[in-house]
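Working notes, beginning with the structure itself.
We did not get these values from a lab; they are worked out from the coordinates using the rules stated. Source: prediction; values computed, not measured. Please note: Cβ atoms are built from the backbone with ideal geometry, for glycine as well, and neighbour counts cover all protein chains shown.
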Amino acid sequence: MFSAEMLDSMLRDNSQEAQSGIIAFAGYLTTVTINQTNYSLFIKILNRNIPEATEKLFSNRQALSFFCKFKATGDLIQQTLSLLIHHQPHTLLPNTILACLGVLDSQYHSDRSGFQLYQLSVSDLYHIGKYLIHTDKNIQNIALEIIENLRDSSYGTDPELSVIIKKIIDHYYDQTKKIEDVIPANLLI
């Protein structure tokens, strides 16, 4: 019998056998509806960044709305941010980035919903901003939309965050400036 402990062990294992198991399990998950009780399992698989597993998970789902079929929680926001934080912009698979940004876009699109669930930090903002340098224009556009929505929001942003938001947007649009002058270089590598 397959247990949760076995699955957790497989998700931590870097062997070829574990990767094959993750890919097979991702294939099974194409038949499972993502909800509040199982989304963290999907995040764990996406965090492994295995192209074949990720391709299976997105085979019948749209990336931007991947986690948006159920009521978001602060934990969902925190886990998607964690996924974006622990990977460099050009190493994380594009559909995974879009799924994470989709959560942030949907939650911070209005003045209240996201901030009531999770207060973004300066570090979180830098990690969202680092995806502005991604080669995929769609990823850049969604990251920019999130940051612009944060700029336009009057709820929940502290003064320090507001200053950094304005600097990121200014450096993104101004051709004479570099985004690397605002976002710490070690995040952009």
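Can you figure out the FRET efficiency of residue 141 with residue 186, using R₀ = 30 Å and their beta-carbon distance, to the nearest 0.05?
0.75
So for each of 100-106, 25-31, 54-60 I average, over its residues, the number of other beta carbons within 10 Å; can you give me the resulting order with the highest mean first?
Sorting 100-106, 25-31, 54-60 by mean packing, highest first, produces 100-106, 54-60, 25-31.
If I build a Gaussian network model for the chain, linking alpha-carbon pairs within less than 10 angstrom, which residue out of 159, 94, 51 has the largest mean-square fluctuation?
Of 159, 94, 51, the most mobile in the Gaussian network model is 159.
Using the beta-carbon distance between residue 15 and residue 174 and R0 = 41 Å, what value does 1/(1 + (r/R0)^6) give for FRET efficiency, to the nearest 0.05?
For residue 15 and residue 174, the calculated efficiency is 0.30.
State, as an integer percentage, the relative contact order of the chain based on alpha-carbon contacts under 8 Å between residues 6 or more apart.
Value for the chain: 17 percent.
Are there DSSP H segments in the chain that both extend 18 Å or more along their axis (alpha-carbon positions) and score a mean Kyte-Doolittle hydropathy of at least 0.5? List them, or say none.
16-29, 94-107
For every other residue with a beta carbon closer than 11 angstrom to the beta carbon of residue 118, add +1 if it is Lys or Arg and -1 if Asp or Glu, then tell me the sum.
-2
Pop a pseudo-label 7 angstrom from the Cα along the beta-carbon direction at both residue 166 and residue 49 and give the gap in nm to one decimal.
Going by the 7 Å Cα→Cβ label model, 3.5 nm.
From the residues 60, 146, 78, which one has its Cα farthest along the dipole of the range 50-189 in the positive direction, the dipole being from +1 and -1 charges on Cβ of Lys/Arg and Asp/Glu about the Cα centre?
Value computed over the given set: 60.
So what's the back-of-envelope 222 nm ellipticity for the chain, counting only DSSP H runs of four-plus at -39500 (n - 2.57) apiece and dividing by all residues, rounded to 500?
-18000 deg cm²/dmol
Over the range 91-162, with a single point scatterer placed on each C-alpha, what log10 of the ratio I(q)/I(0) does the Debye formula yield at q = 0.14 1/Å?
Here the Debye-derived log intensity ratios amount to -0.39.
Would you kindly give the portion of the calculated P(r) for the chain that falls above 27 Å, as a percent of all Cα pairs?
30
With charges only on Cβ, +1 for K and R and -1 for D and E, what is the dipole size of the chain about its Cα centre, in debye, rounded to 20?
Computed charge dipole of the chain: roughly 240 debye.
Select from 173, 126, 118 the residue whose mean-square fluctuation is largest in a Gaussian network model of the chain (Cα-Cα springs shorter than 10 Å).
Comparing 173, 126, 118 in a Gaussian network model of the chain, the most mobile one is 173.
Could you point to the residue in 36, 88, 129 farthest towards the positive end of the chain's charge dipole, with +1 and -1 charges on the Cβ of Lys/Arg and Asp/Glu respectively?
Going by the charge dipole, the pick is 36.
Can you give the charge dipole size of the range 1-61 about its Cα centre, rounded to the nearest 20 debye, using +1 on the beta carbon of Lys and Arg and -1 on the beta carbon of Asp and Glu?
Taking the Cα centre of the range 1-61 as origin, the dipole is about 200 debye.
Excluding same-chain residues fewer than 8 positions from residue 167, which lysines have a Cα within less than 23 Å of its Cα?
Excluding near neighbours in sequence, the set is 130, 137, 177, 178.
Between 20, 164, 116, whose Cα lies farthest towards the positive end of the dipole of the chain when Lys and Arg beta carbons carry +1 and Asp and Glu beta carbons carry -1, centred on the Cα centre?
20
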